[in-house]
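The values are calculated or read from the model by the stated rules, or taken from the named source; none is laboratory data. The structure presented is a predicted model; accordingly, all values stated were derived computationally and were not measured. Ideal geometry is used to build each Cβ from the backbone, glycine not excepted, and the neighbour counts take in all protein chains shown.
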Amino acid sequence: MYKVLATDGVAPEGLAVLQNAPDVELDIRPKLSPEELLAVIPDYDALIVRSATKVTAAVLERAAKLKIIGRAGVGVDNIDVRAATARGIIVANAPGGNTIAAAEHTMGMMLALARNIPEANARLKAGVWDKKSFVGVELRHKVLGVIGIGRIGSEVAKRALAMEMEVIAYDPYIPAERVEELGVRMVSLDALLRQADFITIHTPLSKENYHLLNKEAFEKMKPGVRIINCARGGIVDEAALYAALKEGKVAGAALDVFEQEPVTDSPLFSLPNVVVTPHLGASTVEAQLGVAKVIAEEILVALRGGFVRNAVNVPFVRPEVLAEIGPFIGLAEKLGRFAAQLVSGRIGLVEVSFSGEIAQYDVSLLTTAVLKGVLSIALQEAVNFVNANEVAKKRGIRVTETRRGEEEDYVSLITVRVVAPEGERTVAGTLQRGKEPRVVAIDGYRVDTPLEGHMLFIPHMDRPRIIGRVGNLIGAQDINIAAMQVGRKVIGGPAVMLLAVDSPVPEETLTEIAKVDGIMGVKMVSL
Ligand SMILES: NC(=O)c1ccc[n+]([C@@H]2O[C@H](COP(=O)([O-])OP(=O)(O)OC[C@H]3O[C@@H](n4cnc5c(N)ncnc54)[C@H](O)[C@@H]3O)[C@@H](O)[C@H]2O)c1
Ligand SMILES: O=C(O)[C@H](O)COP(=O)(O)O
């Protein structure tokens, strides 16, 4: 039974898939102090958080069973991703689920700032009908500078364009054409700071952009500029912003995020031209349901050993490549597990080769999947897409990957060779009808068997009275043989036998089979 802990007020309705999973026990504890988290974390296989819980190296050190941390949202700056990676813990987020919520909140903040809505609201509710203090500015024909034009930045840009703003953007990691087709002009950071009437930030918080808007940046800005930050505290230097507001260089600021959170007291709160909300960007019913659902599904996939698409600490695979290679992940892993069970002793070399259509893509994820399968046989520790390559390196396992386009017999074929001191085996597999993993060759002998359940691999000499003896020995244990394949290259020469059995064959029976004259060994394989 996997134990999952959800904290930080993750929407419980979105976690139904975990609640209904027979192999999962879900604990929802909306508020957990750092001390409580440290105390309970050793019990859990998975943790779901939003931005409040700090998943530090100290927490991870105690998280002996933890396999995945799911962030029900986008920013993972509250998680020590490096420490998690070093421990082989997957960190996954739910990108996209709160994009519209954050973009709409940004527009709300920009309008609130331009038209003094919060201050006017407070004044009227205090019994004062004051029109003259609250003359605002229009957004139409103003220049909006978007720093970071990813998912949220581009949704903000679209909405600003609909309000007839001129939109410019700075984002060194996005191709200019993609942004310009939205009707946005890409500029340098310097140009953006100098030209914008409103500046909105939509980058993650990273070392690179910590205090991106600092004293020097404010000095470059147009007098009367207005700043909106619905991304992360820390990107704006709050002391420098306060000074720029005080001296009138900046006409106003709308902040949803702060360097320290939660915060209830800040010099910025004393200024009338500062609008603040307590990190509400993603707080809509729709966004919370959406991100919780996505993360719950990812947690289940990870706990059951599958590939987590939104893992932030697994090498990135472009979506269009993932669409092509994704169906092969299961085949690659099963071939690794299969091959590793055919040899004895410590494997020192794993060679993976790809031929046919699959060879035109970046297949490094599939090589990792093979490795994950190989390592899962011998190791007690959890091996996953985050740590498989590192674990192999630490254990001195050499891994090679080759790709060749030509393939005569199959549309796509994956071949895995494992070498151990006591021998080596080469297995090849493909997907039947694009989805069913099958092994189609072992050491060059043709077979064709689904990669599932329990199997016996028996190299033997191609002569009479061998297959019958094997059948009798297995039958005597009341074990059903579901399928059988024999592959040979020449009549009377060495051959291989692959039997699919409905339950594992006991060790003593394997020893009896190995003694049959003409049989060169026997291996039990479970997938
Ligand atoms: N206030 C909220 O509740 C809330 C909600 C959702 C997201 N967020 C924050 O918003 C951020 C953006 O979310 P997203 O979904 O749009 O992410 P995204 O990854 O789609 O976009 C981020 C963009 O920032 C760009 N970028 C990175 N560093 C940059 C730099 N130094 N200068 C300029 N551009 C840079 C990237 O190239 C990318 O295009 C998140 O990281 C999160 O911290 C806040
Ligand atoms: O990065 C995010 O997704 C947002 O900042 C939302 O954070 P929250 O889930 O704590 O509201």
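Quick notes
- Only a single criterion out of (1) in contact with a Leu (Cβ under 9 Å, 6 or more places away or on another chain); (2) over 24 Å from Thr85 (Cβ atoms); (3) basic (Lys, Arg) is not satisfied by Lys54, namely (2).
- Taken together, Ala332, Ala253 contain a single residue that is more than 16 Å from ligand 1 (Cβ to nearest atom), surrounded by 20 or more Cβ atoms within 10 Å (Cβ to Cβ) and in contact (Cβ under 8 Å) with a residue 60 or more places away in the chain, which is Ala332.
- Hits in the stretch 140-178 - residues which are under 24 Å from Leu205 (Cβ atoms) and either outside the structural domain of Asn209 (by TED's automatic domain parsing) or assigned to a loop (DSSP other than H, G, I, E, B) (or both): Gly148, Ile149, Gly150, Asp171, Pro172, Tyr173, Ile174, Pro175
- Complete set of residues in the stretch 256-275 that are farther than 25 Å from Ser33 by Cβ and among the hydrophobic types (A, V, I, L, M, F, W, C): Leu268, Phe269, Leu271, Val274, Val275
- Considered as a group, the residues in the stretch 94-124 that are among the charged types (D, E, K, R) and either at pLDDT below 95 or touching a Ser or Thr at 6+ places or on another chain (Cβ under 9 Å) (or both) include one that is nearest to ligand 2 (Cβ to nearest atom), and that residue is Glu104.
- Gly471 outside any loop (DSSP other than H, G, I, E, B) and surrounded by fewer than 16 Cβ atoms within 10 Å (Cβ to Cβ): yes
- Answer from Glu164, Glu181 - the residue that is free of Cβ contacts under 8 Å to residues at least 12 places away in the same chain and either surrounded by fewer than 22 Cβ atoms within 10 Å (Cβ to Cβ) or more than 9 Å from ligand 1 (Cβ to nearest atom) (or both): Glu181
- Reported count of residues in the stretch 235-259, each being away from ligand 2 (no atom under 16 Å from the Cβ) and of a type in the set (A, V, I, L, M), is 9.
- Every residue from the stretch 202-234 that is closer than 19 Å to Met107 by Cα, within 14 Å of ligand 2 (Cβ to nearest atom) and assigned to a loop (DSSP other than H, G, I, E, B): His202, Thr203, Pro204, Cys230, Ala231, Arg232, Gly233
- Looking across Ala112, Ala157, one residue alone is within 15 Å of ligand 1 (Cβ to nearest atom) and in contact (Cβ under 8 Å) with a residue 60 or more places away in the chain. It is Ala112.
- For the stretch 275-296, the candidate set comprises residues that are within 16 Å of ligand 1 (Cβ to nearest atom), touching a Gly at 6+ places or on another chain (Cβ under 9 Å) and among the hydrophobic types (A, V, I, L, M, F, W, C); within that set, the residue that is nearest to Tyr242 (Cα to Cα) is Val275.
- Criterion: farther than 17 Å from Thr284 by Cβ, in a loop (DSSP other than H, G, I, E, B) and within 16 Å of ligand 2 (Cβ to nearest atom) - qualifying residue of Val128, Val76, Val137, Val91: Val76
- Number of positions in the stretch 361-376 that are in a helix (DSSP H, G or I), more than 18 Å from Glu424 (Cα to Cα) and either of a type in the set (A, V, I, L, M) or more than 24 Å from the chain's Cα centre (by Cα) (or both): 3
- From the options Asn387, Asn310, residue that is at pLDDT below 95 and within 16 Å of ligand 1 (Cβ to nearest atom): Asn310
- Every condition in (1) surrounded by fewer than 24 Cβ atoms within 10 Å (Cβ to Cβ); (2) away from ligand 1 (no atom under 12 Å from the Cβ) holds for Gly75 except the one numbered (2).
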